[in-house]
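Taking it in order: structure first as structure tokens, then the write-up.
The values are calculated or read from the model by the stated rules, or taken from the named source; none is laboratory data. Keep in mind the model is a prediction, meaning the values are calculated, not measured. Cβ placement follows ideal geometry from the backbone for every residue including glycine, while neighbour counts extend to all protein chains displayed. Surface areas here come from the heavy atoms of the whole protein model, side chains and all, with no ligands, DNA or RNA. Shrake-Rupley method; radii C 1.70, N 1.55, O 1.52, S 1.80 Å.
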Amino acid sequence: MKNNIAFKIYRKKSIEKIDSKVKLLGIYNNLQTLKFLNIRLILTIIIFVLVLVISQYGYILAPLVAALFYIFSEYYVIDYKIKIRRKKLEKEALFFFEVLTLTLEGGRNLKHALELTAENIDSEISAEFKKTLAEVKLGKSLNESLEAMKKRIPSDTINNSILNMIQSNTFGNSIIDSMYNQIDFLREKQLLDVKAEIAKLPTKISIISVIFFIPIMMLIILGPVLIQYIMK
């Protein structure tokens, strides 16, 4: 019944879009798609009414403020967390795939190698693989479980590795070389991300200087003049 009402209020594409993003928040996420949509809609209406009543120019500001809240709430509640999670998973994936590749080189098959690696590594990506392997024990095939896992991972790099696993499991070919390529790519990507953060530092420092240090310097320089002017 609730689902029928929801589909009358929201477009099917909007529900599916938010639902796919919510899945990317991972297995530790407790956000529900319809709950988020309903709360966002109710808060948008409340903000619209408050601005309309409180502000002298509410008829102009109310639609603008409500629209901005409606748009940016999705970014702060979902998109920003997905971005943070993607970076975290890619950092964890480097070590996880290194151990997995060494385990594969020891002669284990893919399923056994994933089990050994996931059991011995404590991380979020390891937990995702544990969930995937748990689904296999409940009756799903490994390929189906890996495909489902891809929908929970917001990183194309990691998903490429999962795709290689699916192909290896399907055709029986070795994925060791491709895993080493993915490891090299992840390592290089992390180095580039660090360089990008370092490159942003001068801009951040300049902004901090403009906001904090320049007004203080102006106050120090002009302070004596202002005091003399006030004392006159």
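Scalar couplings 3J(HN,Hα) for segment 41-47, obtained by applying the Karplus form with A = 6.51, B = -1.76, C = 1.60 to θ = phi - 60°, are 5, 5, 5, 4, 5, 4, 4 Hz; x denotes Gly and Pro. List the relative contact order of segment 28-113 as a percent without decimals, with contacts defined as Cα pairs under 8 Å and 6+ residues apart. Relative CO of segment 28-113 lands at 18 percent. Counting only the backbone N, which residues of segment 60-76 are under 15 Å from the spot 7 Å out from the Cα of D156 toward its beta-carbon? Answer for this model: none. The simple spin-label model puts a point 7 Å past each Cα toward its Cβ; for N29 and N143 those points are separated by 2.7 nm.
Computed from phi, the 3J(HN,Hα) profile of segment 111-122 under the Karplus parametrisation 6.51, -1.76, 1.60 (θ = phi - 60°) reads 4, 5, 5, 5, 4, 5, 5, 5, 5, 9, 10, 9 Hz, with x in place of Gly and Pro.
Could you sort the peptides 160-168, 72-80 by per-residue average Cβ neighbour count (10 Å cutoff), highest mean leading? Intermediate values should be presented prior to the final figure.
Details: 160-168: 18.1, 72-80: 13.9.
Per-residue mean Cβ counts within 10 Å order the peptides as 160-168, 72-80.
Taken over segment 36-159, the convex hull of the Cα atoms encloses 123 Å³ per residue. Of all lysines in the structure, the ones whose alpha carbon falls short of 18 Å from that of K35, not counting any fewer than 8 places away in one chain, are K2, K8, K12, K13, K17, K21, K23, K81. Ranked by the mean number of other Cβ atoms within 10 Å per residue, highest first, peptides 97-108, 133-144 order as 97-108, 133-144.
Per 0.36 nm of contour for each residue apart, how much would the distance between F171 and A134 grow if the chain were fully extended, relative to their Cα-Cα spacing? Length gained between F171 and A134: 11.0 nm. In the context of the full set of protein chains, residues of segment 13-68 present 66 Å² of accessible surface per residue (probe radius 1.4 Å, heavy atoms only). Spin-label pair E119-I60: with each label point 7 Å from Cα along the Cα-Cβ axis, the two points sit 6.8 nm from one another.
Gap in Å between the Cα centre of segment 71-117 and the Cα centre of segment 29-54? Answer, in whole Å: 33. The phi torsions of segment 139-149, fed into the Karplus equation with coefficients 6.51, -1.76 and 1.60 and a -60° offset, translate into couplings of x, 6, 6, 4, 4, 5, 5, 5, 4, 5, 5 Hz, rounded to whole numbers, with Gly and Pro shown as x.
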